[in-house]
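All remarks here apply to the structure that follows.
The values are calculated or read from the model by the stated rules, or taken from the named source; none is laboratory data. Note that the coordinates shown come from a computational prediction; the quantities given were computed from them, not determined experimentally. Cβ sites come from the backbone with ideal geometry, for glycine too, and all protein chains shown count toward neighbours.
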Amino acid sequence: MTDFTTYYENYTPAADIMTMACCFMFIFLIKVAYISKTKAFHFLKHMIIMLIWSAVSDLLFHISMNYIDDIPSIVIVGLRGLYHFGLFSILWLSVLYLKETLQIGRKYYKVYYFLAAGGFILLVIYELLSTFLKFGFYIDDDKSIHTGYPIFPFAYIYFLALIIIMVCIHGRKIYKWVYMGMFLSIGLSVLIMIVQEIHNQSSFTAASFIFPIFARLYLIHSNPYDLNMGAVSEKSFEDLVGYNYYMKSPLYIMSLYMHDFDGKGRKYPAMIQKVIRQFSAQFFNSATLFHISGGHLILAVTKKNNPEYAKSAQRMLDEFNRVYAKYKIDYKIVFTDSFDEISKENDYINFLRFIHDRISENTMVYASENDVIDYLNYKFISSELADINKCNDVNDERVVVYCQPVYDLKKDCFDTAEALMRLKLPMLGIIPPDMFIPIAEKEHYITTLTRIILYKTCKAIKKLSDDGFKVQRISVNFSIYDLRSDEFCGSIENIIRGNGIEPSQIAIEITESQSERDFELFKARVEQLKDSGIKFYLDDFGTGYSNFERIMELPFDIVKFDRSLVIASGNSVKYRTMVSHLAEMFNNMQYDVLYEGVENYDDEVRCVNMKANYLQGYKYSRPIPIEALSEYFERKAQ
């Protein structure tokens, strides 16, 4: 039994008041500063709330002890129980917080969870039973106080040991100074508890929890603003997306890209920085600006804090147009709601870049479900291309060869064709080249794909020949990226030789490059392979840049006139005369001319009159599986 004066005299309310003040300051800083919000932050936020709970309960408990004769004992005991419940909760939440922060794998995940949850439940049960069964803290009818066996020190030691074990085992994967900061904050808390015990004090128990909370808030979640623009980092944006997805709180996201500010050392002018600062604060409540890369900014707002976000976005856009009229800086803007498919993978940055790449300068668009579908397909195709490249299997069933037969006017038959690359992927089926070739070139997978297409084309030529069909040649498209490979010539010769066909049965199609380096490289490759009998096509003549001096230096066999020239020749006599003279010029220099994109009878007649040697297009056949060429090619004479 203990007299209540012992409790009161060894207690100073200043400690709990200071604790509450610190917690309210934490809440204020979380509100006005940018804090990196993750799933772990969710636990930290509740730790702050429970610390306020504990400090208030402890303060009221000690005040009520001063009026023990006037206040029902159940209220006093209840306040003490609430105080301990708050402290137990903080200890439990500390374990859950570390479990997330240290990214503990599934092997230990459940172990720590159940050790923490089990300890918390046992402590709460003990607290209740010790009061009702009167072997812990309780107050008799005569107002005498019984302390029983104090459980909190044992609870503190249990959770402290669990936390130290977690940090020691899993903390090495985090940054050294963060790791040390965690230990230092825990050490200060323990030191306060020891000093308090030595001086027979109980005032600073709740206050001791401030240090670990402050250390976590500063070391792990603090992310200062860019002082010039008020923007925070890409990592912070990912944290915001992850946190809001976890909390099921939708976002509204605005993405601005200005290529003028991309590149090393290129900074926003002071006036533009001022405008950006105003935009991030003027139109929305609690909006956060993120600087993703040189010219890429993202403004994100929580919809629940901005019920009229669409109207606010329109006002912002109107103001942006006014500012654009003054500064004339090229831009691309994308507005998007939260999409579960993107939020789940925390992939908005790549999603927004995907849309930016698809739109023209000085354009504003709203992302739709169709954009999400296109992006997910893009990601799936990218992953499949990466796997195809990794496997490097010339028989990969995902890469298929289609062909478009080419009509030979001199022979009046089909004995040549162009090989066309396709992907055949689960769920998506046949994928056209415009959906995957840009990805393959960007990610440097194109050389592997070209090697597979060349191999399968050679294999098909061998089979057609063995089956008795005439195969003059089939052309294969090569990228300038293929030519840059040191193994280019050797790889082609090995594949042709390995399939047992004549080199003259393969042609290489390539589009002219504007690069001087690529031209010299192409010239060297052509000269190296030309002697073996391989034919070369100049593809897409008539599109973009054409340098006749360079064309004359390269020993092409066939020049392919692009579909655009076929269309232009049908639009006016002037174009038709020009195209006809170009074709005649190439004929006179011993180049054959192939017109592609011949779609009807009028195209055919016009191209024949414009000195055509070969014709290719939908009039004769759409692209077909290479195995179906037997329906067009003639059999050899017996």
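When Tyr113 is tested against (1) surrounded by fewer than 17 Cβ atoms within 10 Å (Cβ to Cβ); (2) over 37 Å from the mean Cα position of the chain (by Cα); (3) assigned to a helix (DSSP H, G or I); (4) of a type in the set (Ser, Thr, Tyr), exactly one condition is not met: (2). Of all the criteria given as (1) assigned to a helix (DSSP H, G or I); (2) at pLDDT below 85; (3) over 21 Å from Ser202 (Cα atoms); (4) not hydrophobic (A, V, I, L, M, F, W, C), the one not satisfied by Thr6 is (3). Filtered by the rule that a residue be touching a His at 6+ places or on another chain (Cβ under 9 Å), within 23 Å of His84 (Cβ to Cβ) and of a type in the set (Gly, Ala, Ser), the stretch 8-51 gives no residues.
Go over the candidates Ser189, Ser236 one by one and state the one that is of a type in the set (S, T, N, Q) and more than 29 Å from Phe61 (Cα to Cα).
Of Ser189, Ser236, the one residue that is of a type in the set (S, T, N, Q) and more than 29 Å from Phe61 (Cα to Cα) is Ser236.
From the list Ser94, Ser57, Ser73, Ser64, the lone residue that is in contact with a strand residue (DSSP E or B) (Cβ under 6 Å, 6 or more places away or on another chain) and either of a type in the set (Ser, Thr, Tyr) or surrounded by 20 or more Cβ atoms within 10 Å (Cβ to Cβ) (or both) is Ser73.
Residues in the stretch 185-210 that are assigned to a helix (DSSP H, G or I), in contact with a Phe, Trp or Tyr (Cβ under 8 Å, 6 or more places away or on another chain) and under 12 Å from Ala15 (Cβ atoms): Ile192, Gln196. Determine whether the stretch 228-250 contains at least one residue that is under 23 Å from Leu102 (Cβ atoms) and over 20 Å from the mean Cα position of the chain (by Cα). The answer is yes; a qualifying residue exists. In the condition set (1) touching a helix residue (DSSP H, G or I) at 6+ places or on another chain (Cβ under 6 Å); (2) among the aliphatic types (A, V, I, L, M); (3) assigned to a helix (DSSP H, G or I), Ile68 is compliant with all but (3).
To keep it simple, each residue is scored yes or no on (1) at pLDDT 95 or above; (2) assigned to a loop (DSSP other than H, G, I, E, B); (3) charged (D, E, K, R); (4) surrounded by fewer than 18 Cβ atoms within 10 Å (Cβ to Cβ).
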| site | (1), (2), (3), (4) |
| --- | --- |
| Leu376 | yes, no, no, yes |
| Ser383 | yes, no, no, yes |
| Val400 | yes, no, no, no |
| Cys403 | yes, no, no, no |
| Lys411 | no, yes, yes, yes |
| Ala417 | yes, no, no, no |
| Arg422 | yes, no, yes, no |
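Figure legend. Inter-residue proximity from the stretch 353-367: first residues closer than 15 Å to Ala313 by Cα, second residues in a strand (DSSP E or B) and among the basic types (Lys, Arg), beta-carbon distance below 9 Å, spacing 6+ or different chains. Indicated pairs: Met364/Lys332; Val365/Lys332.
Select from the stretch 311-339 the residues that are in contact (Cβ under 8 Å) with a residue 40 or more places away in the chain and assigned to a helix (DSSP H, G or I) and list them in ascending order.
Ala313, Met316, Leu317, Glu319, Phe320, Val323, Tyr327
With the structure loaded, tell me whether Leu425 is over 25 Å from the mean Cα position of the chain (by Cα) and either more than 20 Å from Asn392 (Cβ to Cβ) or touching a residue at least 12 places away in the same chain (Cβ under 8 Å) (or both) or whether it fails that test. Here the answer is no, as Leu425 does not meet what is asked. Tell me whether the stretch 439-449 contains one or more residues that are among the polar types (S, T, N, Q), in the same structural domain as Gly490 (by TED's automatic domain parsing), on the phi < 0 side of the Ramachandran plot and within 36 Å of the chain's Cα centre (by Cα). Yes, because at least one residue in the stretch 439-449 is among the polar types (S, T, N, Q), in the same structural domain as Gly490 (by TED's automatic domain parsing), on the phi < 0 side of the Ramachandran plot and within 36 Å of the chain's Cα centre (by Cα).
Go through the residues of the stretch 33-45 one by one and say whether even a single one is surrounded by 21 or more Cβ atoms within 10 Å (Cβ to Cβ) and of a type in the set (Ser, Thr, Tyr). Taking every residue of the stretch 33-45 in turn, at least one turns out to be surrounded by 21 or more Cβ atoms within 10 Å (Cβ to Cβ) and of a type in the set (Ser, Thr, Tyr).
Every residue in the stretch 341-355 that is more than 18 Å from Glu443 (Cβ to Cβ) and buried (at least 17 other Cβ atoms within 10 Å of the Cβ), please.
Answer for the stretch 341-355, where residues must be more than 18 Å from Glu443 (Cβ to Cβ) and buried (at least 17 other Cβ atoms within 10 Å of the Cβ): Ile342, Ser343, Tyr348, Leu352, Ile355.
For Met271, state whether it is over 27 Å from Ile35 (Cβ atoms) and aliphatic (A, V, I, L, M). Answer is yes for this residue.
Rundown of residues vs (1) β-branched (Val, Ile, Thr); (2) crowded, with 16+ Cβ neighbours inside 10 Å; (3) within 19 Å of His356 (Cβ to Cβ), yes/no style:
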{"residue": "His296", "(1), (2), (3)": "no, yes, yes"}
{"residue": "Thr302", "(1), (2), (3)": "yes, yes, no"}
{"residue": "Asn306", "(1), (2), (3)": "no, yes, no"}
{"residue": "Glu319", "(1), (2), (3)": "no, no, no"}
{"residue": "Ser338", "(1), (2), (3)": "no, yes, yes"}
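Within the stretch 265-288, the residues that satisfy the criterion of being assigned to a helix (DSSP H, G or I) and within 22 Å of Pro307 (Cβ to Cβ) are Phe279, Ser280, Ala281, Gln282.
Residues in the stretch 435-444 that are assigned to a helix (DSSP H, G or I) and either in contact (Cβ under 8 Å) with a residue 60 or more places away in the chain or among the acidic types (Asp, Glu) (or both): Ile439, Glu441. Checking each residue in the stretch 377-397 for being out of contact with any Ser or Thr (no Cβ under 9 Å at 6 or more places or on another chain), under 14 Å from Ile439 (Cβ atoms) and not aromatic (Phe, Trp, Tyr) picks out Asn377, Lys379, Ile381, Ser382, Ser383, Glu384, Ala386, Asp387. Note on the stretch 131-157: among residues that are without any contact (Cβ under 8 Å) to a residue 60 or more places away in the chain and in a helix (DSSP H, G or I), the one that is farthest from Val190 (Cα to Cα) is Phe132. Quick check, is Asn285 farther than 25 Å from Ile431 by Cα, assigned by TED's automatic domain parsing to the domain that holds Ile253, surrounded by 13 or more Cβ atoms within 10 Å (Cβ to Cβ) and touching a Gly at 6+ places or on another chain (Cβ under 8 Å)? Taking the combined requirement at face value, the residue does not satisfy it. Checking each residue in the stretch 77-110 for being more than 20 Å from Leu60 (Cα to Cα), part of a helix (DSSP H, G or I) and not hydrophobic (A, V, I, L, M, F, W, C) picks out Ser94, Tyr97, Lys99, Glu100, Thr101, Arg106, Lys107, Tyr108, Tyr109, Lys110.
Restricting attention to the stretch 158-168, the residues that are touching a residue at least 24 places away in the same chain (Cβ under 8 Å) and under 34 Å from the mean Cα position of the chain (by Cα) add up to 3.
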